[in-house]
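The values are calculated or read from the model by the stated rules, or taken from the named source; none is laboratory data. What you see is a predicted model, and the numbers here were worked out from it, not measured in a lab. Here the Cβ positions follow ideal geometry from the backbone for every residue, glycine too, while neighbour counts run over all protein chains shown. These accessible areas exclude ligands, DNA and RNA; they are computed on the full protein's heavy atoms, side chains included. Shrake-Rupley method; radii C 1.70, N 1.55, O 1.52, S 1.80 Å.
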Amino acid sequence: MKIQALPHDDVFSTLLSSPQGLTAEEAARRRGEYGPNEIREVQGRPMILRLASQFTHFLALLLWFAAGLCFLSEFMHPGEGLLRLGIAILAVIFINAIFTFIQEYRTEKAIEELRKMLPFRVAAIRGGTEIEVDAAEIVPGDLVMLREGDKVPADGRVVQTSRLTVNNAPLTGESDSRLLSDAPSDKELIDSENMVFAGTLVVSGSGQAVVYATGMATEFGKIAQITGKVVEEISPLHVEITRVSRIVAIIAVSCGGCFFLIGSLVGRGFWDNFLFAIGIIIATVPEGLLPTVTLSLAMGSKRMARRNALVKNLNAVAALGSVDLICTDKTGTLTQNQMTVTTLWCPDDKAAMACTVAQLCSNVTVTPEAVKGDPTETALYSYAVGQGAVTGERLGETPFDGDRKRMATLHRIDGKLFVLVKGAGESVLPLCTSLGQPGSTAPLDAATSADLLRRLQEMASGGLRVIAMAYRELDAPPAGEIPEEELSFAGFMGLLDPPRPEVPQALKQCHSAGIRVIMITGDAGPTAAAIGRDIGLITGDPTIIEGLACAGMPDDQLREELKKENLIFARMSPQNKMHVVSLLIEDGYRVAVTGDGVNDAPALKKAHVGIAMGLCGTSVAREAADIVLLDDNFASIVHAIEEGRAVFENIRNFITYIFASNIPELIPYIGYILFGIPLPLTIMQILAVDLGTDMFPALALGSEKPSPQIMQRPPRPKEEHLLTRGVLLRAYLYLGMWEAVAGMSAYFYVMYQGGWSWAQPLASTSTLYLQATTACLAGIIATQIANVFACRSPDVSIFTLGIFSNRLVLAGVASELLLAGLIIYTPLGNSLFACSPIGINVWLLLIPFALLLLGTDETRKYFFRRRILRAKAAA
C-alpha cells in the first residue's frame, strides 16, 4: 500500500478512519492491537550484566586468580599475611568495577532519550471533537492536528494543510524543510510532500494528518531497530589490555612453574615449593594496573570534556587516539548549520527589487526574539532586511509546491500593485520576459536568457542554493489567480551553509597526523563538493558517489572506490552509511564516525568511535555514540584525537613504571629459594608498593600532556601493541634490575651492619630482619621515585620536558614519600606491613642508586634520539 499515492477518501477508508477521527472505543481497541506509540529498546543489555562484565574481563580474572592463590596459600600456611593480600586484591576488583560502572552509567543515555523525541501531549480529533492525548496513546487511523512548533507524534499522511512546513532534519540529518501538500504523490515515501514523520518538527503553518504507523513501525523506529541490531566493534584499548593481561599471566605462571622446578632440584619439599611458586606469581602480577588504567582513562575523559568532548565509554578515550579515518557529516559539523546569503547578482547591479521580493514574498514569522520559519526563507528575509526594510500589504498568495518550485504573492507597495515571485531558477526564468527595475525594464532576448542561465549554472556549480527573484507591476487587481507570466527578472540570491572557521586548520592537522577524512552526507553532491573545496577537504576533482549508486554497487567495486582520494558520499541513507563504515572496518581502518541525525545512529554505533553532536544532534545519535561533542565542532574532534593519542602513550608509560617494580619484588624470592637467605621482601610489603606507593605516581604519569609532535606523527600501526618487546625489556631488564640492585643492596647492608652472617636463620619478628626487609622496601620506593621521572617519556629528556612541568608527578612523589613515612615510621604501618624504622644512613645509601637509574636512562634516551636523527637524515 502506497499511502502517499491515495486520494483523501481512500486514505480514510484504507486506515478505517474518517474526517471525524476515531471513536474513543476504537482508539482503545487499536492501542491494544498495536501497542503504545513508543520506541522500544532492541536487544538492550541489562544493567546487571553491564556491572557483571566489569568483574569478568581478562585483567579482572587474573586478579581473581591471584586472590584465590592468596587464600589457598593462607589456608595451607597461615600467618604469612596472604589473607590480607587476598582481601586487598578483592577490594581492588570491586572498587574498580563499581567505579567504572558508575562512570559509564552517569554518561550513558538510556533508551528513554529516544522517547523524548516524541511530544508529551498531542492534539487529535476523536469522535469529531479535538482533544489532547499522550503521544503514547496515538494509534494508526488517528487524525492529528499539527501546528507551528509541534513535534510530529507518528508517521502520517497529510489530508489538510494551510502552508504546513515541516523540517525533517531530525530524520534526514540535513536542513530539509519543505512546504507540504495534501495532494496524492507518486514519489517514494520519504520524498513525498504529503507525508509527515515521527520526531520531525512543524516549522510553520498548520494541518491535519492521518496516522498510519506508530512506535517501532515508524521510519524513526525502523532506524532505532537497525541501531539496536548493530554489533559494536571491540575497542582497540580493550584488545590491548586483554593482551597485556595474557602476557602477564603467561610470565607469572611460567616464572612460578620454573622456580617450583628449581626448588625441587635443590631439595626443597613439595609444599614449600608450591607456596614459593604462589609467591612468585603474586609478585609478578601488577595488582595496581587495573585501577591505574581505569583512573587514567577517567582523567583523560575529564581533560577531553574541558576540550568540549564528553566521553560516554572510557575505552573510547584511547580508541580515538588510534583512529586513522574519520567519516564526517557535513551539516552542523563541517558547516555552521545556518543558511546564509553569500551572493546577490542583479542584471544592473541594483539590488532593491530583488531584496523587496526576498523580504515580502515569504512566510517567515517575525518575533522580538528571532525570525522563524524555513531556513532558506529566514536567510533570504534576514539578508533583505539588512539591505533596507520595506513595507507592503499582502493581498494574496500562491503557495510554494514541489512541482512548481516557486511561490507568488500579490502586494500593494507604495500604492502600486506588484506580483512578487521567488523560486528555483529553472522554474522562474522561463516566466520572465524582461529585466530591470520599475520604469526601466528591457526585453529579455535569447542571448540574455542564455547568459542568465549560464550564470545560474555557475552559481549552482559553486555549491550555492540559488533562488531567482522576479516581479510584475499590475494596473488592477487580478480577477482570478495571481498571474505568474510576463515577469521582470530581478536577480539571483545564492545561499550557503558556511563552513566553520576552525575546520580548515583542523583538516590540516588531520593530514599532518596521517588521518584520512571522508565526507558522508545526506545533502546533494555538488553542494558537498563545494564545501569540501572551501575547507580544503577536496584538492582535486572529487569522486562523488550518491546513495542509490552506493546501494547498487558490488562490495569489491565499492572497496576500490574507497581507496580514492577526494571522495564524497552524498544523499546517503542510514543503511548506506553503515555499509560503508562496515567495509572500511573490514579493510583494516580504525574508523571514527560523526553525525547528528537519527539517520547517523547505525553508523555511529558500528564505528570504533562514534562521535555525536551535543548541541544540534538528536538524542538517538547521542545514545548510539561513544563521545558527544559539546560544541558540535569538527575541530574539537582533532583536539580529542590528540588527547586520545596522549592517553595511549601515558598508559604505556605507567605500564613501564608499574612493571619495573615487579623485578625487585621477584628477585628477593629467587634469593630466598636459591640461596637460603631470609626472605628480603614480604607479601604485605609487595602490596604496599603495588597498591600503595606506586598508585599516585602512576596516575600522575597518566596526566602527562600531549607532546608538541604527537599530531605530526601518523597513527600508530595496527600491529603495534601497547606492550611491546621494547617496553618489557626496558621495564624488566633495565629499570627493574636497577631497582632490584638497590633493594637487595640495602637489605644486605642492614643485615651485615646488624651482625648477620650468611646462612644464619632469623626469626620473622626479630628487629634486624624487620629493618632489613624495610630497607629493601625503601630501596624500591627510592628508585621508583627516580623511575617516575624516567617514565614520563620513553625518548624525551626530563630536562626538555621540565622537572616541574607536570605538577601531578610532584604531588605523586610527595604522596609516595608520605606513604613510605607512614609505613616505615608509624606503629600502625609497622604492624600492618611488618616493618621497622630505618636510619638516615640507609636512605643516604639509596640516593645514589636513584640518581644512577635516572642518569643512565637519560644516557639511553640521548643515544636513542641520535639514532632516530641519523635514520631521518639517511632517509
Hey, PRO477 in contact (Cβ under 8 Å) with a residue 24 or more places away in the chain and under 25 Å from PHE634 (Cα atoms) or not: no
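So which of THR165, THR161, THR129 is within 27 Å of LEU548 (Cα to Cα) and either in contact with a Lys or Arg (Cβ under 6 Å, 6 or more places away or on another chain) or not small (Gly, Ala, Ser) (or both)? Walk me through how you get there before you give the answer.
Values: THR161 fails: within 27 Å of LEU548 (Cα to Cα); THR129 fails: within 27 Å of LEU548 (Cα to Cα).
The unique qualifying residue is THR165.
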Tell me yes or no: at least one residue of segment 545-558 is under 30 Å from GLU642 (Cα atoms), part of a helix (DSSP H, G or I), open to solvent by 60 Å² or more (accessible area, probe 1.4 Å) and at pLDDT 90 or above. no
With the structure loaded, tell me whether GLU377 is at pLDDT below 90, in a helix (DSSP H, G or I) and within 30 Å of GLU188 (Cβ to Cβ) or whether it fails that test. yes
Could you please find all residues in segment 207-237 being outside any loop (DSSP other than H, G, I, E, B), modelled with pLDDT under 85 and either open to solvent by 50 Å² or more (accessible area, probe 1.4 Å) or under 22 Å from SER18 (Cα atoms) (or both)? LYS222, GLN225, LYS229
Close pairs from segment 310-321: first within 17 Å of VAL591 (Cα to Cα), partner in a helix (DSSP H, G or I) and aromatic (Phe, Trp, Tyr), Cβ under 8 Å, at least 6 apart: ALA318/PHE648; GLY321/PHE648
Within segment 517-529, is even one residue open to solvent by 30 Å² or more (accessible area, probe 1.4 Å) and within 30 Å of PRO714 (Cα to Cα)? no
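Given the criteria at pLDDT below 95, out of contact with any strand residue (DSSP E or B) (no Cβ under 6 Å at 6 or more places or on another chain), open to solvent by less than 60 Å² (accessible area, probe 1.4 Å) and more than 28 Å from ARG645 (Cα to Cα), does PHE833 qualify?
On the way: at pLDDT below 95: yes; out of contact with any strand residue (DSSP E or B) (no Cβ under 6 Å at 6 or more places or on another chain): yes; open to solvent by less than 60 Å² (accessible area, probe 1.4 Å): yes; more than 28 Å from ARG645 (Cα to Cα): yes.
When the stated conditions are applied, PHE833 passes them.
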Condition met for PRO438 (assigned to a loop (DSSP other than H, G, I, E, B), in contact with a Lys or Arg (Cβ under 9 Å, 6 or more places away or on another chain) and either at pLDDT 90 or above or open to solvent by 30 Å² or more (accessible area, probe 1.4 Å) (or both)): yes
Restricting attention to segment 134-151, which residues are among the hydrophobic types (A, V, I, L, M, F, W, C) and modelled with pLDDT of 90 or more? ILE138, VAL139, LEU143, VAL144, MET145, LEU146
Can you find even one residue in segment 416-427 that is surrounded by fewer than 17 Cβ atoms within 10 Å (Cβ to Cβ) and either out of contact with any strand residue (DSSP E or B) (no Cβ under 9 Å at 6 or more places or on another chain) or part of a loop (DSSP other than H, G, I, E, B) (or both)? no
Meets criteria (modelled with pLDDT of 95 or more, in a helix (DSSP H, G or I), in contact with a helix residue (DSSP H, G or I) (Cβ under 9 Å, 6 or more places away or on another chain) and open to solvent by 80 Å² or more (accessible area, probe 1.4 Å)) for LEU828: no
Long-range neighbours under 8 Å by Cβ, at least six apart or interchain, first residue among the aromatic types (Phe, Trp, Tyr) within segment 780-797, second surrounded by 21 or more Cβ atoms within 10 Å (Cβ to Cβ): PHE789/VAL809
Residue count, segment 844-867 (criterion: of a type outside the set (Val, Ile, Thr) and either open to solvent by 60 Å² or more (accessible area, probe 1.4 Å) or at pLDDT below 90 (or both)): 11
Residue hits (segment 388-412; part of a strand (DSSP E or B), under 16 Å from ALA358 (Cβ atoms), modelled with pLDDT of 90 or more and open to solvent by 20 Å² or more (accessible area, probe 1.4 Å)) are ARG394
If a residue has to be in a helix (DSSP H, G or I) and either closer than 15 Å to GLY644 by Cβ or open to solvent by 30 Å² or more (accessible area, probe 1.4 Å) (or both) to count, how many in segment 696-727 make the cut? 6
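Look through segment 248-291, keep the residues that are among the charged types (D, E, K, R) and not in a helix (DSSP H, G or I), and return whichever of them is most open to solvent (accessible area, probe 1.4 Å).
Among those that are among the charged types (D, E, K, R) and not in a helix (DSSP H, G or I), it is ARG268.
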For the list (1) closer than 21 Å to THR342 by Cα; (2) among the aliphatic types (A, V, I, L, M); (3) at pLDDT 90 or above, I need the number of the one condition that VAL419 fails. (1)
Can you name the condition, by its number, that ALA91 falls short on among (1) modelled with pLDDT of 70 or more; (2) open to solvent by less than 60 Å² (accessible area, probe 1.4 Å); (3) touching a helix residue (DSSP H, G or I) at 6+ places or on another chain (Cβ under 6 Å)? (3)
Looking only at segment 327-342, decide whether some residue is at pLDDT below 90, loosely packed, with under 15 Cβ neighbours inside 10 Å and acidic (Asp, Glu). no
Would you please name the residue that is surrounded by the fewest Cβ atoms within 10 Å (Cβ to Cβ), looking only at residues in segment 559-574 that are among the charged types (D, E, K, R) and either at positive phi or assigned to a helix (DSSP H, G or I) (or both)? GLU560
Pairs returned, first residue in segment 446-468 that is closer than 24 Å to THR356 by Cα, second residue that is open to solvent by 30 Å² or more (accessible area, probe 1.4 Å), beta-carbon separation under 6 angstrom, 6 or more apart or interchain, are VAL466/ALA460
So which of LEU507, LEU495, LEU456 is within 22 Å of ALA408 (Cα to Cα), assigned to a helix (DSSP H, G or I) and touching a strand residue (DSSP E or B) at 6+ places or on another chain (Cβ under 9 Å)? LEU456
